[in-house]
Amino acid sequence: MQFFMEVLIGGLLSGVMYALVALGFVLIYKASGVFNFAQGAMVYLAALSVVGCMEKGAPLWLAIILAFAIMTLFGIATEKFVLRKLVNQPPIALFMATIGLAFFIEGLAPMVFGSAPRALDLGIVDEPIPAILDAWGIVISKFDLVAAGVAALLVTTLALFFQYTRIGRALRAVADDHQAALSIGIPLQHIWAIVWGIAGFVALVAGLMWGARNGVQFALTFTALKALPVLIIGGFTSVPGAIVGGLLIGASEKLAEIYLPPVMQSLFGGNFGGIEGWFPYVLALFFLLVRPEGLFGEKHIDRV
Amino acid sequence: MIYREAGQFKTSYAADQQLFPIRQDRIGILILLAVVFLAIPGIASEYWFSAILIPFLIFSLAALGLNILTGYAGQLSLGSAAFMAVGAYAAYNFQLRIDGIPILISFGFAGLTAAGVGILFGLPSLWIKGFYLAVATLAAQFFIVWCLTKFPWFSNYSSSGVISAQKVVILGHEFASPREKYLLVLSIVAVMALAAKNMVRSSTGRAWMAVRDMDVAAAVIGIRLMPTKLLAFAVSSFYCGVAGALYAFCYLGSVEPDGFSLDMSFRILFMIIIGGVGSILGSFLGAAFILLLPIFLDITLPWAAGLLGLPFSNATVSHIQILLFGTLIMFFLIVEPHGLARLWQIGKEKLRLWPFPH
Amino acid sequence: MSKKIGDVILDLQNISLRFGGVKALTDISFDVREHEIRAIIGPNGAGKSSMLNVINGVYHPQEGVIVFRGQERKRMEPHHAATQGIARTFQNIALFKGMSVLDNIMTGRITRMKANFLEHALWLGRARREELEHRKKVEEIIDFLEIQHIRRTPVGRLPYGLQKRVELGRALAAEPSMLLLDEPMAGMNVEEKQDMCRFILDVNDQFGATIVLIEHDMGVVMDISDRVVVLDYGKKIGDGLPDEVKNNEDVITAYLGASH
Ligand SMILES: Nc1ncnc2c1ncn2[C@@H]1O[C@H](COP(=O)(O)OP(=O)(O)O)[C@@H](O)[C@H]1O
Ligand SMILES: [Mg+2]
C-alpha cells in the first residue's frame, strides 16, 4: 500500500510537469485556434537557452531573464513570419506548419547552445522529504513538491492575469469571438504575439522544471509530446482540463508501468517494460471513444 | 509543336477521361517507362540501386499511401512508419510460418494485415478530426513499435525484435542482386501507383476528397462518412504495409522495430507536404527530395565549411538537416501548399504557351 | 400557376431543437406537398437553417417526428435523406473547394454509382462505364446551368454567384425529388437573382422537384412560392399562401421588430 501510494504520488507529481507543457498548448489554441505542435520543442529551446547562457558565464537569474527574452522574441517572430502568413489556411495546414516549426527549433537550438545533455541546477535538491518519510514512510521528492508549487503559482498568476488585466480580458474575448476582440481596440495580431509570448514563458517554466529534473537533452521533446494525450483528455480549450488531464496521465502511466508488466509477463513470458512510452496515447485513444470533447471541453456541432 | 494540345479535339467523354488526355503526356510517360525499366537497369551502378533508387521507390510508395489518407481523404496521420513496420513483420511471418507461400502473396497479405491494423486505429476518425486524429495515430506509432519489440513471437524470438528477411524467390528465380530487386520494386510500385491514380480519379477518390473538403456536405450528398474514411485508412495502410515489406525484403534485408520510428513517420509526412498534398506525382517528387537532400548536404556542407574555414562536425550536419526540413515545411505551406507537383504543373503550363506567353 | 400540386410528402410534427441552452426550434409543425415551392422566411437567427438541417438529418431534434413519404422517424442520418431523394444547398456555400466544377457536380451522383474501390483501382468495365454514363448526365446539368466554360476550374477560384450555381448543380445531379435551398440568392445582384429564379422554377416545372426555399427577398418569395412558413425566435408565427402571410399581424410586427 505504501509502495502504491509512492508510485501514485510520484506519478501525480510528474503529471504536474505534463500539465505545465499542456498549459502552453491550451493558451495558444484558445487564443488563435492554432494547435501548436512545437510547444514541446519550445520547452527544449527554453531549457537549452538557460543552460547555454549559464555556460557562457551568466548567473542563473540572468540566464532565466535572457531565456525569457529569447522565448518572447521567438514567439513574436513565429507569429509574424509563419502564422500570420497562414491565416486563411485550413487548421490542418497550420498544424503541419507547427510541426515544421518544431523541427526548425530542434535543429537550431542545439546548433546555437550545443547538443550534449547537461544538468540544470536550480539549487533545489532532489531528495526525499524527511518529515513525510518519517511520518508515513513514503518517499516524496522535495523537488517534485517544489515543481508542483511552481505549477500552482503559474496557473494562479495566469488566472489573475486573464481576469484582471486589460490584455488578459482581450485574450479571453479573442478566444470566444475574434470580432468582439477587435472592438476592445487591440489589434488581433498584437494579441497573438502576446499569446505566443506567454506560451514562451510557460514553456520556460516547464523547461526549467523538466531540465532540472531530467537534465537538458533532446529526449525532452518526447516527454513533452505526452502533453498531447493530456490535451485530449482534458479538452483543448480548458486550463483546468490541462491540469486534471496531466495528473491523470502522470499517475496512470506510472501505475501502468509498475503493475502491468508482471501481469503481462505471467501471460506471455518475456519482458514488457516501457509501457509508459505508449500508455498515455492509448489511454487518450480510449478516452476519445467515450468522450471525444474531453473532460472539460464542450460538445460542438458543426454549423452549416 | 512541342507541348500543345491544340488540334487534339476530344470527340467523346471517353477520350476526355483518359489517364493522360494530352498526347505529349502519353509519349512522355512511355519514354519515362522505357527509361526506368530499360535504360536505368543497363547503366546504374550497385550503389545507385541499393542506396538511392530502391529506397526512393519504397518511400514513394509509403508517401503515396500517406497521401491517399492525408492528401485525398484529409485525415492526418503521424504513424505511417508503424504501418510499414506492420507490413514488414507480417511479410516475414507469412514467409516463416506458411510453407511454400509465394513471396508476392506474402507481400499482399502483409498489405492486408497493415490495412486491418489501419482500420483499427482509424476508428477514432469517426468521432474526431484534424489534430485530435493526429494524436490517435501517435498511439499507433508508439504502441505498434512497442508490441513488435516486446512480443517475441513477432520476430520469431530473435533478440530485441530484429528480423532478417527471407530470400525473395519468384517462380524459382531468386531476386538477389540490387538490379533485380530494383526491377521487382519498380514493377510493384508502378502497378500500385496506377491503381492509386485510378482510384483517385473515380468516385472513390471523389468521395475521399469530398470528405476532406467539407464532411457535412459530403454526408448530405449521400456519402457515408464511416466507410469512406475507413476505406481511406485501409487503402493507405495497405500501401504503407507493402512499402514496409519491400523495405525489409528488398532494401535493408534486416530490420528492427525501432527503425520504424516517429522520425520516419515525420519524414514521410514531409515528403507529401513538399511533394504535393493530394498528388500522386507529388509523392514521388517529395520522396526524391527528402531522400536526396541529406545526401546533398553530406557532400556539400563539409566542403562549404572547409571553404569558409568554419569548424565542422557530423552533429552539425544532422542539425542543419533538421533545421532545413523544418524551414522547408513552413516555406512550402506558406508559399506553395501544393508543393513540387504544383510547380511542375505550372512549368508545363508555361511550356504549353511557349513562346507566346498569353 | 398551372402545375399540379400533390399530396403531403413531408410532414414535420412538433419539432423542437436545442443547442445547450439555446432553443433553436420550439414545437414547430408544418407540411410540404409534392411539387410545390414552400418558402421559409423569418429574421436572422429565427431557426430557418436549423429547420432544413432537421429535415435532412444534419441536426437531430430532441423532440418531434418527421414523416417523409409515409415513413415516420425521429432520427435520420444525412446519407439516408440523400438516398431517399432529398438534396440541398447551404447558406454558406459548402462546395468541395479542392475539386473542379465537374468533379463537384459528379459527386452529386455518388449514390447512383455502384462500382466499388477495387473496380475503380483496376478500372474494370463497370467502373469505366459508370464514369461515362454519369458524366453524360452531369454535362446536361452543366448545360442547363450554363456553366460549360468553367467546368475544369477549381471551385475555390470562382466568384460567389457562380459558386452558388455550381452548388445548385451538385444538388440537381442527384435528380432529387425534394430540393432544400438555403438562401440561394443571398448576396447576388439583380441579374444573378433572375437567373437563379429561372433555374428554380425550371427545376420545379421540368423535373417536378418539390422545393423548400429559404429566402430573404420578399419580392422573390411572393413571386415564386406556393406557400410560406414564417419563423421567429424558433417559433412558427405564420403559415399559408403568400398573400395571407403578407397581411398577418404577427409577421408584420416580427419583421418590423427585426428591422430595428
Ligand atoms: N451548430 C450549432 N451550434 C450551436 N448553435 C446553433 C447551431 N446552429 C444554429 N444554432 C443556433 O440556433 C439558432 C438558429 O440559427 P439558424 O437556424 O442558423 O437561423 P437562421 O437560419 O434563421 O438565421 C441561432 O441562435 C443559432 O446561434
Ligand atoms: Mg440561416
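The values are calculated or read from the model by the stated rules, or taken from the named source; none is laboratory data. Everything numeric here is computed off the predicted structure, so don't read it as measured data. All Cβ positions, even for glycine, are placed from backbone atoms using ideal geometry, and neighbour counts span all protein chains on display. These accessible areas exclude ligands, DNA and RNA; they are computed on the full protein's heavy atoms, side chains included. Shrake-Rupley method; radii C 1.70, N 1.55, O 1.52, S 1.80 Å.
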Residue list for region C:11-58, filter: part of a loop (DSSP other than H, G, I, E, B) and within 15 Å of ligand 1 (Cβ to nearest atom): C:Gly20, C:Gly21, C:Gly42, C:Pro43, C:Asn44, C:Gly45, C:Ala46, C:Gly47, C:Asn56, C:Gly57, C:Val58
Search result, residues across region C:89-146 that are of a type in the set (Gly, Ala, Ser) and either more than 30 Å from C:Gly161 (Cα to Cα) or facing another protein chain (nearest Cβ under 7 Å) (or both): C:Ala94, C:Gly98, C:Gly108, C:Ala115, C:Ala121, C:Gly125, C:Ala127
C:Met218 being closer than 19 Å to C:Met51 by Cβ and modelled with pLDDT under 90: yes
Those residues of region A:240-251 which are open to solvent by less than 40 Å² (accessible area, probe 1.4 Å) and under 14 Å from the mean Cα position of the chain (by Cα), in sequence order: A:Gly241, A:Ala242, A:Gly245, A:Gly246, A:Ile249, A:Gly250
Among the residues listed as B:Ser106, B:Ser160, B:Ser125, the single one being in a helix (DSSP H, G or I) and touching an Asp or Glu at 6+ places or on another chain (Cβ under 9 Å): B:Ser160
Output for region C:69-94, where each listed residue is surrounded by fewer than 23 Cβ atoms within 10 Å (Cβ to Cβ) and in contact with a strand residue (DSSP E or B) (Cβ under 8 Å, 6 or more places away or on another chain): C:Arg69, C:Glu72, C:Arg73, C:Lys74, C:Met76, C:Gln84, C:Gly85, C:Gln91
Residue in region B:116-126 that is more than 30 Å from B:Val216 (Cβ to Cβ) and within 8 Å of chain A (Cβ to nearest Cβ) present: no
Helices (runs of 4 or more DSSP H) within region A:149-267 that include 1 or more residues at pLDDT below 85, touching a Lys or Arg at 6+ places or on another chain (Cβ under 9 Å) and on the phi < 0 side of the Ramachandran plot: A:166-176, A:178-184, A:188-214
Any hit, region B:22-42, residues being open to solvent by less than 20 Å² (accessible area, probe 1.4 Å), in contact with a Lys or Arg (Cβ under 9 Å, 6 or more places away or on another chain) and at pLDDT 85 or above: yes
Residue in region B:259-266 that is within 26 Å of B:Leu194 (Cβ to Cβ) and crowded, with 21+ Cβ neighbours inside 10 Å present: yes
Whichever residue in region B:128-144 is open to solvent by 10 Å² or more (accessible area, probe 1.4 Å) and within 23 Å of A:Gly297 (Cβ to Cβ) and, among such residues, is farthest from the other protein chains (Cβ to nearest Cβ): B:Lys129
Failed item, numbered, when B:Leu308 is tested on (1) at pLDDT 90 or above; (2) surrounded by fewer than 18 Cβ atoms within 10 Å (Cβ to Cβ): (1)
Residue satisfying all of: in region C:49-68; within 16 Å of ligand 2 (Cβ to nearest atom) and open to solvent by 10 Å² or more (accessible area, probe 1.4 Å); nearest to C:Ile211 (Cα to Cα) among these: C:Ser49
Selection within region B:13-42 - within 14 Å of chain C (Cβ to nearest Cβ) and in a helix (DSSP H, G or I): B:Tyr13, B:Ala14, B:Ala15, B:Asp16
Residues of region B:207-229 classified as part of a helix (DSSP H, G or I) and either open to solvent by 30 Å² or more (accessible area, probe 1.4 Å) or more than 7 Å from chain C (Cβ to nearest Cβ) (or both), total: 11
Some residue of region A:215-226 being open to solvent by less than 10 Å² (accessible area, probe 1.4 Å), within 14 Å of chain B (Cβ to nearest Cβ), over 30 Å from B:Met214 (Cβ atoms) and not hydroxyl-bearing (Ser, Thr, Tyr): yes
Residue in region B:188-198 that is in contact (Cβ under 8 Å) with a residue 40 or more places away in the chain, of a type in the set (A, V, I, L, M, F, W, C), within 14 Å of chain A (Cβ to nearest Cβ) and open to solvent by less than 60 Å² (accessible area, probe 1.4 Å) present: no
Qualifying residue in region B:79-96 (condition: under 29 Å from B:Trp153 (Cβ atoms) and free of Cβ contacts under 8 Å to residues at least 24 places away in the same chain): yes
Condition check for A:Lys254: basic (Lys, Arg), surrounded by 18 or more Cβ atoms within 10 Å (Cβ to Cβ) and more than 20 Å from A:Ala41 (Cα to Cα): yes
Scan of region B:159-179 for residues that are within 13 Å of chain A (Cβ to nearest Cβ) and open to solvent by 40 Å² or more (accessible area, probe 1.4 Å), ordered by number: B:Ser159, B:Ser160
Pick from region C:164-213, criterion under 23 Å from B:Asp213 (Cα atoms), within 14 Å of another protein chain (Cβ to nearest Cβ) and part of a loop (DSSP other than H, G, I, E, B), ranking: farthest from ligand 1 (Cβ to nearest atom): C:Glu175
Filter result (of a type in the set (A, V, I, L, M, F, W, C), facing chain B (nearest Cβ under 9 Å) and in a loop (DSSP other than H, G, I, E, B)) within region A:268-304: A:Phe272, A:Trp278, A:Val304
Elements of type helices (runs of 4 or more DSSP H) contained in region A:33-116, each with 1 or more residues being away from every other protein chain (no Cβ under 14 Å), open to solvent by less than 20 Å² (accessible area, probe 1.4 Å) and of a type outside the set (Gly, Ala, Ser): A:39-55, A:60-78
Checklist (1) modelled with pLDDT under 95; (2) under 30 Å from B:Asp213 (Cβ atoms); (3) away from ligand 1 (no atom under 16 Å from the Cβ) applied to C:Ile5, failing item: (2)
Single unsatisfied condition, C:Pro43 versus (1) open to solvent by 10 Å² or more (accessible area, probe 1.4 Å); (2) away from ligand 2 (no atom under 16 Å from the Cβ); (3) away from every other protein chain (no Cβ under 14 Å): (2)
Tabulated pairs, region A:278-290, first within 13 Å of A:Ala227 (Cα to Cα), second crowded, with 23+ Cβ neighbours inside 10 Å and basic (Lys, Arg), C-beta under 9 angstrom, 6+ apart or interchain: A:Pro280/A:Lys226; A:Tyr281/A:Lys226
Conditions (1) surrounded by fewer than 24 Cβ atoms within 10 Å (Cβ to Cβ); (2) more than 10 Å from chain A (Cβ to nearest Cβ); (3) modelled with pLDDT of 95 or more; number of the one not met by B:Thr327: (2)
